[in-house]
Amino acid sequence: MKLSLRYFYIIPIALLLSVSSAHAGKDPNMLKAGVSYIWLSEYDSQGLMFNNRYSHHLSDRFALGLNIGLANGSRYDDIKQIYSIKNTFYMANLEASFDLLNNESVAFRIGGGVGARHRAEINSNAEDGTADGSVKHIKKSDVGYNGFIENDFNILRNGVAGGRVGYFYYTSGTPVFSIGLHLGFKF
């Protein structure tokens with residue numbers, strides 16, 4: 001029996017919402033907002049990604065979370081004096097993470113997950129554009145997976161600040177490599 005892609009997302013969300021947080025410490029939830037510099041490997045495009053992440057610690061070291069974001073990348077052609085590539089991605093990922101180090105002041109974790117994105121791309125490159133120099137518009141949704149390493153530093157009473165390095169791979173279109181900073185709070 002083949003499971004629908006919908007169950008692939010519904011089951012982890014249900015587990016995330018229903019699991020007791022009795023062993024997860026006094027503040028098992030974390031909400032973070034971040035900004036990342038991204039590099040798109042196809043056509044050497046760069047840009048920024050803005051994201052919001054919610055995570056819930058199921059134990060002292062294991063957490064499940066949801067990451068939603070918007071990425072925008074482009075490449076400027078100095079010879080033609082135009083942007084030859086413009087990308088916009090709407091991304092959502094379900095993630096699991098494990099804290100390799102977790103004490104009162106710092107946490108270092110690794111993780112990964114599954115995700116989906118909707119991409120809108122304008123391409124005037126000779127390889128993927130058209131012969132007359134006009135542009136090619138791509139609007140498509142993809143699924144894929146991601147991996148990351150992340151650190152958090154506790155600040156103030158319930159605040160966290162840190163950094164994250166991530167890699168997003170999708171079934172079609174360009175992968176995304178990101179390096180960023182985030183700020184948030186525990187509750």
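The values are calculated or read from the model by the stated rules, or taken from the named source; none is laboratory data. Keep in mind it's a predicted model, so treat the numbers as computed, not measured. A quick note on method: Cβ atoms are made from the backbone with ideal geometry, for glycine too, and the neighbour counts reach across all protein chains shown.
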Checklist entry - A120 passes all but one of (1) surrounded by 15 or more Cβ atoms within 10 Å (Cβ to Cβ); (2) touching a residue at least 24 places away in the same chain (Cβ under 8 Å); (3) in a strand (DSSP E or B); (4) small (G, A, S); which number fails? => result (1)
Checklist outcome for this item: Of the residues in region 17-50, those that are surrounded by 14 or more Cβ atoms within 10 Å (Cβ to Cβ), modelled with pLDDT under 75 and part of a loop (DSSP other than H, G, I, E, B) number 3
Item to check | From the options S105, S97, residue that is touching a residue at least 40 places away in the same chain (Cβ under 8 Å) and surrounded by 19 or more Cβ atoms within 10 Å (Cβ to Cβ) | outcome: S97
Checklist entry - Restricting region 148-173 to residues that are over 14 Å from the mean Cα position of the chain (by Cα) and closer than 17 Å to L40 by Cβ, which is surrounded by the most Cβ atoms within 10 Å (Cβ to Cβ)? => result G173
Checklist outcome for this item: In region 58-88, residues that are assigned to a strand (DSSP E or B), polar (S, T, N, Q) and surrounded by fewer than 19 Cβ atoms within 10 Å (Cβ to Cβ) total 3
Checklist entry - From the list R109, R117, R157, which one is among the charged types (D, E, K, R) and under 22 Å from L70 (Cα atoms)? => result R117
Checklist entry - So which residues in region 61-101 are more than 18 Å from Y170 (Cβ to Cβ), at pLDDT below 85 and touching a helix residue (DSSP H, G or I) at 6+ places or on another chain (Cβ under 8 Å)? => result R75, S84
